[in-house]
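Throughout, read-outs are computed from the coordinates displayed, never taken from laboratory work. Keep in mind the model is a prediction, meaning the values are calculated, not measured. Every residue, glycine as well, gets a Cβ built from its backbone with ideal geometry; the counts of neighbours run over all protein chains shown.
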Amino acid sequence: MNSQDKKPPQKGRGKTGARRAAATMLAAIERGKTLDEARDKLVDLRDSDRNLADAIAQATLRHYGEIDVLLRHHVKKMPPLSSLARPLLAIGAAQLIYMNVPSHAALHETVSATGRREQPYRGLINAVLRNIARSQEADKLPAPDPLLNLPEWLKENWLDFYGAEKTAAIAASLADVPMLDLCFKSAAAAESWLAQHGAQYKGEAVGPTHIRLHDSSDVTALAGFTEGDFWVQNAAAGQPAAQLIAQISAPAHVLDICAAPGGKTLQLAAAGHRVTALDISQSRLQRLAENFTRTQLHQQLDATVCADALDWTPPDAFDAILLDAPCTATGTLRRHPDVLRHRKPGQMAKLVALQAALLARAADWLKPDGVLAYSVCALQPQEGEAQMAAFLESRADFTRVTTDAPSRFTPDENMDGFFIALLRKGR
């Protein structure tokens, strides 16, 4: 048993551990914190409570809009935004409706999580959750409507581009907890690992070098992790590097812009290319270096450069460049449901401008006849298709490379959302 699991249970009003921590996480996210930052609220919990709190917070975020509509139907006047009573109501509803938590446990533990400041709302929380539980038992809850979980600006954007049916499918898929995908150094290594360990973790191949696990918790405990056989990477996230690799011959000198934490950089290195990794974050570059050491691919890492790509100038041009540009990250909502609480239309416009500037810089660093891969983990066409059309209109020296590989992936395909384009520079 882990030493943290030996901690005595916390007692007292407002001290039920997992539920209060989940509500505190949700409150922090509503104030602007990311999910990772909000997880700082879990450091003092035992492992089992930490995992439960994280699961409750994520389930609440995935169904945020549906829960909000339901609560407002049951509450005439919601508690103020400053009160933890609001997120306590939300996590209680999430447990009842979306997590199959027995009603007595969800009710008792959530109500018991009220602290001194929430005492005026203790009766309200108890009454509302009991009413929801009764409606659930009587099969009188509203029909699921995943579109309610999307902010209006994003829903309209997707409806215009994808249409009603596809948008509804994407919205529904965002409630799913994603599986764990692993990327291996080679197709042979993936095939061998799957044959030896796949049955244990309900593994399946989702690409030549990618394996998806349907039953796994601690990636560091998997066979081959310490030996550096693989790294965690969604199958769609592996496509930009895989499609670029198919267009270039080894050994090439490849620049990976916005490289950290290094999944795509590792793919390029494993394919035999010499890679320069450029990123603005020193701490993320340190993670990249650690990943290269663990996977024993460090000899392929030509250099790591901590710099802003808009200010940096390379000493020489590159044979190929991969730009996985900063974006709204709406394609990763299954793994980062907090993103919907933070993204605004104005932020997308600023990111589109940044993407265009980075593309322009990268284009000038490429050798003639070189290939540039542009990708974003965003679902909006402004960051993908429209961005690419604008670039090609402005640069007559580039042409789009036509391949059989898809350029657009969406979460309803059980992958992260991605846009990918390959560009060749004329001589």
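Remarks
- Listed residues Y374, A362, L351: farthest to the positive end of the dipole of region 347-427 (Cβ charges): A362
- Size-normalised alpha-carbon gyration radius of region 179-233, reference 2.2 N^0.38 Å: 0.94
- Hull volume per residue, based on the alpha-carbon atoms of region 159-284 and their convex hull, is 155 Å³.
- Coil-residue trypsin sites (Lys or Arg not before Pro) of region 172-214, DSSP, other Cβ within 10 Å capped at 14: K202
- Over region 234-425 - Rg/Rh using Cα atoms and the Kirkwood inverse-distance radius: 0.94
- Kirkwood Rh in Å, taken over all unlike Cα pairs in region 100-196: 18.1
- For region 251-312, the equivalent ellipsoid built from the Cα gyration tensor has semi-axes of 17, 13, 8 Å, listed from largest to smallest.
- Contour excess over end-to-end distance, with Cα ends at H342 and A389 and 0.36 nm allotted per residue: 14.2 nm
- Between 0 and 90 degrees, the angle of helix 345-364 with respect to the longest Cα principal axis of the chain falls at about 20 degrees.
- Exposure proxy order (Cβ contacts within 10 Å, fewest to most) of W193, W312: W312, W193
- In the structure shown, the pairs K41/K202; K33/K202; K76/K140 are assessed against 25 Å; a Cα-Cα span above that value is assigned to K41/K202; K33/K202.
- For F418, the residues 5 or more places off, or on other chains, whose built amide H falls under 5 Å of its own are F409, T410.
- Taking the three principal axes of the alpha carbon atoms in region 262-347, the coordinate ranges are 41, 30, 23 Å, sorted in descending order.
- Take the Cα of D369, go 7 Å toward its beta carbon, and the backbone nitrogen atoms of region 284-328 under 18 Å from that spot belong to 317-321.
- Kirkwood-Stokes translational diffusion coefficient of region 344-384, alpha-carbon pairs, 37 °C, 0.692 mPa s, µm²/s: 287
- Residues L124, L180, L359, sorted so that the one with the fewest Cβ neighbours within 10 Å comes first: L180, L124, L359
- Scattering profile of the chain at q = 0.07, 0.09, 0.14 Å⁻¹ [log10 I(q)/I(0), Debye over alpha-carbon scatterers]: -0.39, -0.64, -1.30
- Of the GluC sites (Glu not before Pro) in region 84-175, those whose Cβ has at most 14 other Cβ within 10 Å and which sit in DSSP loop: none
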